[in-house]
Amino acid sequence: LNECGELVMTSVEVDKYADIVRADYIKREIANVVTPDASIEDIVRRLESLDTGKRKEVTAKTLVEEYSGKKFVEDHDIGYDLGFDKLDDIVGGVFKGDMMVVGARPSVGKSAFAVESMLNLAKKNVKVIMFSLEMTNEQLYDRILAHESGIGLSRIKRATSFIGQEDILFDNANKAIEELGDRMVFFDDIYSVSEMRKAAKGFDVVIIDYAQLIHTSGSYKGNRYAEVGQISHDIKQMAKDLNVAVILLAQLNRVSESTSTKEPTMAELREGGDLEQDASQVILLWNKTEDRKTKGMKVDKNRQGEVGQVQMFFDG
């Protein structure tokens, strides 16, 4: 009788049996993923995507219980401001789990905007990591130094000695940059999303310069549109999984250059239909004057707030 009792399956053990079925499923999936022709990056990405946890049912009551206490309180998550008052009023903050896309033609000011945003965030004790696929770390340092010191970028790159008060400005700027410590971290040698995921853990904001230079592990046989789409999905997933805000810079195609105003639209994101879809915010940047000093900045998509335009002045 005891033996019969031990052998009979009952509903009491249903969770245990479900866990066994789930474990066997994961083993089979791993066997399918790890194949001779699969790249390491693809294996890592697909393994990370396996859902090994139990799904949590969310009801209307659960929503109230979980989130109502986080509203109208001092420590309420209001996102991160980029440090440009009029732009921040429109954008309404960059939030963890979201992806912001900043699009522009080459040499319009994407990187300058990203570097200044990074400085503004770090000075507010936000931990920011930047993956610069286009510029070296030394070039990024030159830009940050120019911003903090007021010394012209061309002087920093070419001067062989100080003139006037430049030595004092140089020293003070370097001290200010050093004080930011590990709140600003740079990589100029990481080109894949899987490597970015490893490096970005523990940060609040991730900046990537820029989307079209990211390497993918899949074989798209020349279908660049599909490749950029996969990059967009992977970065959006990284934002959610790591609970970080991502600012992704992207290039625009030449269509807007043929118009009288030069004002771009989201449709001009190069190979970027999925970038437009996955982004929580899309900001577009263009030159409004021939001397390239005055910039137009348009919030063309915004899930968290309004859309609108601001005018920016560039001082190199």
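The values are calculated or read from the model by the stated rules, or taken from the named source; none is laboratory data. Being a predicted model, the structure only gives us computed values, none of them experimental. Note: ideal-geometry Cβ built from the backbone for every residue, glycine included; neighbour counts use all protein chains shown. When the accessible area is computed, the model is the full protein with side chains, heavy atoms only, and any ligands, DNA or RNA have been set aside. Shrake-Rupley method; radii C 1.70, N 1.55, O 1.52, S 1.80 Å.
Looking at the stretch 247-316, which chymotrypsin sites (Phe, Trp or Tyr not before Pro) are in a loop (DSSP not H, G, I, E or B) and have at most 13 other Cβ atoms within 10 Å? Could you put the intermediate results ahead of the total?
Values: sites: 286, 313, 314; in loops: 314.
Counting only loop positions with at most 13 other Cβ atoms within 10 Å, none of the chymotrypsin sites (Phe, Trp or Tyr not before Pro) in the stretch 247-316 qualifies.
For the stretch 1-109, which chymotrypsin sites (Phe, Trp or Tyr not before Pro) are both in a DSSP coil and crowded by at most 10 other Cβ atoms within 10 Å?
Working: sites: 17, 25, 67, 72, 80, 84, 95; in loops: 72, 84, 95.
The qualifying sites are 72.
Helix 14-33 versus the longest principal axis of the chain: what angle, 0 to 90°, nearest 10, using Cα atoms?
It works out to around 50 degrees.
Can you work out D for the stretch 244-284 in µm² s⁻¹ from Stokes-Einstein, where Rh is the Kirkwood radius over C-alpha pairs, the temperature is 10 °C and the viscosity is 1.306 mPa s?
Numbers: Rh = 11.1 Å.
It diffuses with D of about 144 µm²/s by this estimate.
Once you sort the root eigenvalues of the Cα gyration tensor of the stretch 139-194 as a ≥ b ≥ c, which label holds: rounded (a/c under 1.5), prolate (a/b larger than b/c) or oblate (the other case)?
On the way: a/c = 3.68, a/b = 1.77, b/c = 2.07.
Here the stretch 139-194 falls in the oblate category.
Mind checking the angle between helix 224-242 and the chain's longest principal axis? C-alpha axes, 0 to 90 degrees, to the nearest 10.
70
Test of understanding: in a Gaussian network model of the chain with alpha carbons linked when under 10 Å, which of 204, 89, 81 would top the mean-square fluctuation ranking?
Comparing 204, 89, 81 in a Gaussian network model of the chain, the most mobile one is 89.
I need the semi-axes of the equivalent ellipsoid of the chain: take the C-alpha gyration tensor, multiply each eigenvalue by 5, square-root it, list largest first in whole angstrom.
On the way: eigenvalues 380, 106, 95 Å².
Largest first, the chain gives 44, 23, 22 Å.
Test of understanding: in a Gaussian network model of the chain with alpha carbons linked when under 10 Å, which of 135, 238, 297 would top the mean-square fluctuation ranking?
135
Please state the shape class of the stretch 31-171: rounded when a/c is under 1.5, otherwise prolate if a/b exceeds b/c and oblate if not, all from the C-alpha gyration tensor. Each step should come with its number before you reach the end.
Details: a/c = 3.10, a/b = 1.50, b/c = 2.07.
Here the stretch 31-171 falls in the oblate category.
Within 10 Å of each candidate Cβ there may be at most 11 other Cβ atoms; applying that plus a DSSP loop requirement, which GluC sites (Glu not before Pro) in the stretch 252-306 survive? Could you put the intermediate results ahead of the total?
On the way: sites: 257, 268, 271, 276, 290, 306; in loops: 271, 290, 306.
For GluC sites (Glu not before Pro) across the stretch 252-306 that sit outside H, G, I, E and B with at most 11 neighbouring Cβ atoms in 10 Å, the list reads 290, 306.
Rolling a 1.4 Å sphere over the protein heavy atoms, what is the accessible area per residue of the stretch 1-135, to the nearest Å²?
Values: 8900 Å² over 135 residues.
Here the residues of the stretch 1-135 average 66 Å² of exposed surface.
Could you sort out which of 96/123; 86/124; 96/298; 201/301; 71/110 sit more than 25 Å apart by Cα distance in this structure?
On the way: 96/123 18 Å; 86/124 18 Å; 96/298 22 Å; 201/301 27 Å; 71/110 34 Å.
Violating the 25 Å limit, Cα to Cα: 201/301; 71/110.
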